[in-house]
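Q: This structure is in structure tokens; I'll ask about it shortly.
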Amino acid sequence: MTEEQFRAVLTGLAADFGAWSRADVATVSKAAGWTLTGDGIDIPGIGRPAWIAENSIPGRSGAPEMEAVGIRITQADPEEFHEYLDTAIDVWGEPSWFGGCRNVFVRWRDAATFRELSLDRNGALSVRAGSTPAFEAWYERAWELEDDLNEVPFTWMADMDGPGMDDFTYGEKVLSQWDDVTDTLADTLLDVHLAMRALGTEDDDSVAGPDRLVITLQGNPDAYRGPDDQDDPDDEDWTTVDPELKVQIALYPDSVTLAVSEHPEWRAELKAKAFNPGQDGVQVRQLPDDRASLIEVAELTVHFLRRFGFASPEHVAHDSWRFPSPFDFFTLTSVGFFETEAPEED
């Protein structure tokens, strides 16, 4: 697809989709010179049709009939994403917010319609327009569903104060099964790393070290009961695991580091898994930034949390921060654990 064709697609998707009825989508298509078919939209000069989707949560009073229209633009490397983003900003204006869910996306939102430029982990670059009420009804439902990783609206989000965001809300995905936690933690690391490549990182001469995301996992203070507490220590709602034990992930643009609290019971295992002594009573292992390594970090994280003695993910809490960051605001939404307050940065 040429730049001129890409710009024309963006312009077509910038139209008013009304209440997102099928007739509204047909009107937009006709105005753009496109042809609405039974299951897609033919765009002259483009070798593949745009897709259309009906509302996946029908039946609600006043619910939009249609959900979204979109098209895959090309295959691209993450470092090429900015070229397409610059064109999208030129056509659609200032973005509303940034995020990722098995991809990296930039969205433009208003009360009726959102527009999106995205790049998935396999390099497919796509654009779409969708019904804001339809998607956000699904978001509201998805945050409330337990242990369903197919129902994760996004793993991270940033700078959510752009145009059209006044009434936007989001939740947090807390899980109860360790295997699910492994998967969602891996998804989070993969998504943020893709975003670092696609959207860039921040260099700050006043800060020691490069842009990094740090996730610290240790006992949930609301679930801890020490030896002097009166609650039954065998009650599954509580844990007696030392709250000072921790696993910490530091994700950089070109590597990832895992730090695990040292203890005689697992010191030999840490050594066998290529960890080395670090500062402040932890053992540290550095890995490259490839997909397999990020998944391994998620697996090792869950392994050692269970090795500490945590019976359930609900006994663990996380805090996270990204600094220096290209965003004024950045948060994770689907680590799988309860969130504690992030530490202050100097």
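The values are calculated or read from the model by the stated rules, or taken from the named source; none is laboratory data. Just so we're clear, the structure is a prediction, and the values are computed from it rather than from any experiment. Virtual Cβ from ideal backbone geometry, glycine too; neighbours counted across all protein chains shown. All accessible areas refer to the heavy atoms of the entire protein, side chains included, with ligands and DNA or RNA removed. Shrake-Rupley method; radii C 1.70, N 1.55, O 1.52, S 1.80 Å.
Q: Sequence-distant or interchain residues sharing an amide H contact under 5 Å with Phe329, placed H: which?
A: Amide H to amide H, under 5 Å and 5 or more residues apart or across chains, Phe329 pairs with Asp159.
Q: Starting from the Kirkwood Rh over alpha-carbon pairs, what translational D in µm² s⁻¹ does the chain have by Stokes-Einstein at 20 °C and 1.002 mPa s?
A: Estimated via Stokes-Einstein, D reaches 98 µm²/s.
Q: Taking 7 Å along the Cα-to-C-beta vector as the label spot, tell me the Thr35-Ala53 distance in nanometres, rounded to one decimal.
A: Using points 7 Å along Cα→Cβ, the separation is 2.6 nm.
Q: Between Glu140 and Asp42, take the C-beta separation as r, use R0 = 41 Å, and let me know the FRET efficiency to the nearest 0.05.
A: Efficiency at R0 = 41 Å is approximately 0.75.
Q: In square nanometres, what is the average projected area of the Cα convex hull of the range 96-162?
A: So the Cα hull casts an average projection of 4.6 nm².
Q: Over its Cα atoms, what ratio of radius of gyration to 2.2 N^0.38 Å does the range 46-100 give?
A: Taking the Cα Rg and dividing by 2.2 N^0.38 Å, one obtains 1.51.
Q: OK, next. Grab the DSSP H runs of the chain that are 4 residues or longer, score each as -39,500 (n - 2.57), total them, divide by all residues and round the 222 nm result to the nearest 500 deg cm²/dmol.
A: Counting only the DSSP helices, I get -8500 deg cm²/dmol.
Q: Viscosity 1.567 mPa s, temperature 4 °C: Stokes-Einstein D of the range 167-206 from its Kirkwood Cα radius, in µm² per second?
A: In µm²/s, the coefficient rounds to 102.
Q: What are the residues whose amide H is under 5 Å from the amide H of Thr74, where those residues sit 5 or more places off or on another chain and H is modelled from the backbone?
A: It is Leu125, by chain and number.
Q: Quick one: dipole size for the chain, taken about the Cα centre, charges +1 on Lys/Arg Cβ and -1 on Asp/Glu Cβ, in debye to the nearest 20.
A: For the chain, the charge dipole is close to 1560 debye.
Q: Another question, if that's okay. Taking only the C-alpha atoms, wrap a convex hull around the range 1-80 and report its volume per residue in Å³ as a whole number.
A: That works out to 113 Å³ per residue.
Q: Once you have the Cα-Cα distance between Ala15 and Gln286, take 0.36 nm times their residue separation minus that, and quote the gain in nm to one decimal.
A: That works out to 92.7 nm of additional length.
Q: State in Å² the accessible area per residue of the chain; use a 1.4 Å probe, count heavy atoms of protein chains only, and round to the nearest integer.
A: Value returned for the chain: 47 Å² of accessible area per residue.
Q: Over the range 259-346, what number does the Rg to Rh ratio reach, with both radii from the alpha-carbon atoms and Rh per Kirkwood?
A: That ratio is 0.98, to two decimals.
Q: When only Cα pairs under 8 Å and 6 or more residues apart are kept, what is the percent relative contact order across the range 70-126?
A: Reported as a whole number, the value is 40 percent.
Q: Find, to one decimal place in angstroms, the Kirkwood hydrodynamic radius of the range 26-155, where the mean of 1/r is taken over every pair of different Cα atoms and then inverted.
A: 15.9
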